[in-house]
Amino acid sequence: MSHFYKVNASGDVRLLKSVTTPTQARKSNALASVTTMLGCLPNDFLSGWMRRQIWDMAQCGISWEECERRRYGMRQDVDGREVTSSEFGTSVHKALECHLDRMAQGDLSPNSGPYATYVNPFAKWFRDTGHELVAAESICYCLRRKTAGTIDVLAKDSAGQYVLMDFKTRSVTVGKPEAKAYIKDCAQLAVEADIIREREGLDYMPNIMSIVIAVEDGRTGIRRWTRDQQQHALDVFDACCNLYLIVNKLR
């Protein structure tokens, strides 16, 4: 689903739940989300896997609407319920956000909630590496690119420099979780880091990291993107941005 943001006269920005198409965005002068623009980036593996999922479910007599809901896979939640992968990821994200806010208030005790398995490894790493939370779920925007995005974690490192982090919950049956971070993940963070650089008047580009959490057992991997990867990913985003704006007549 596409997402769009609106910036008001005072500079505040909010997600528009009622705007879901480029046509509606043109009428309301809304900004397409970073992830919506990155939808222009093809992913042959994911597209093929999703089509197979829908085909297999349709062969079992599942309705089209239910196939659509399930197309990215299902997970067993911590309470035993079957939920979509996106619903599970949203729950983990929320638990991480709440725990980070609690840490910022000085409570460094381990998480004891239902998603503790998925929260504590990251929380320990964040604390041990000396990071300080600036904001969780922070919205940023760029009028020049006509885009906006939500940063999972905007922090400062032990040297006092900005760093951006993004959570990804993914299936990791073998290997290290950080191996499941991809160019689209880097591009999302790269443009948001560039927006923060411009917004804060920084003389450096903030570092970016993808935090990959295994849905099977909470194993957590930290993918630190290099400067070369970050610059390449920013070029990739800008190419997607230009294509999206031109195709949808949003220039």
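Filter the strands (runs of 3 or more DSSP E) completely within region 134-234 down to those with at least 3 residues that are farther than 20 Å from ASN120 by Cβ.
Working: elements: 147-156, 162-170, 207-214, 220-224.
Filter on region 134-234 gives 147-156, 162-170.
For region 204-222, check the following and say yes or no: at least one residue is open to solvent by less than 60 Å² (accessible area, probe 1.4 Å), over 30 Å from TYR115 (Cα atoms), of a type in the set (A, V, I, L, M, F, W, C) and at pLDDT 95 or above.
yes
Consider LEU243 against the criteria (1) of a type in the set (A, V, I, L, M); (2) out of contact with any His (no Cβ under 6 Å at 6 or more places or on another chain); (3) open to solvent by less than 30 Å² (accessible area, probe 1.4 Å): it satisfies all of them except one. Which criterion is unmet?
All conditions pass for LEU243, except number (3).
Of GLU97, GLU68, which residue is at pLDDT below 95 and part of a helix (DSSP H, G or I)? Step through it out loud before you land on a result.
On the way: GLU97 fails: at pLDDT below 95.
None of the others qualify; the one that does is GLU68.
Given (1) in contact (Cβ under 8 Å) with a residue 40 or more places away in the chain; (2) within 30 Å of SER10 (Cα to Cα); (3) surrounded by fewer than 16 Cβ atoms within 10 Å (Cβ to Cβ), where does ARG102 come up short, assuming only one miss?
Status for ARG102: all satisfied but (1).
Could you tell me which of the residues ASP185, ASP128, ASP152 is under 27 Å from MET103 (Cα atoms), free of Cβ contacts under 8 Å to residues at least 24 places away in the same chain and either in contact with a Phe, Trp or Tyr (Cβ under 8 Å, 6 or more places away or on another chain) or among the acidic types (Asp, Glu) (or both)?
ASP128
Here are GLY106, GLY113, GLY61: which of them is assigned to a loop (DSSP other than H, G, I, E, B) and farther than 27 Å from LEU133 by Cα?
So the residue among GLY106, GLY113, GLY61 that is assigned to a loop (DSSP other than H, G, I, E, B) and farther than 27 Å from LEU133 by Cα is GLY61.
Would a scan of region 80-93 turn up a residue that is touching a Gly at 6+ places or on another chain (Cβ under 8 Å), farther than 29 Å from ASN242 by Cβ and at pLDDT 75 or above? So that I can check it myself, show each step before the final result.
So the first thing to find is which residues in region 80-93 are touching a Gly at 6+ places or on another chain (Cβ under 8 Å), and the list is 84-85.
Okay, now just the ones that are also farther than 29 Å from ASN242 by Cβ, so 84-85.
Keeping just the survivors that are at pLDDT 75 or above gives 84-85.
Within region 80-93 (the criterion being touching a Gly at 6+ places or on another chain (Cβ under 8 Å), farther than 29 Å from ASN242 by Cβ and at pLDDT 75 or above), the answer is yes, since at least one residue qualifies.
The values are calculated or read from the model by the stated rules, or taken from the named source; none is laboratory data. All values derive from a computational prediction rather than experimental measurement. Cβ sites come from the backbone with ideal geometry, for glycine too, and all protein chains shown count toward neighbours. Protein only, heavy atoms only, side chains kept; ligands, DNA and RNA dropped before computing areas. Shrake-Rupley method; radii C 1.70, N 1.55, O 1.52, S 1.80 Å.
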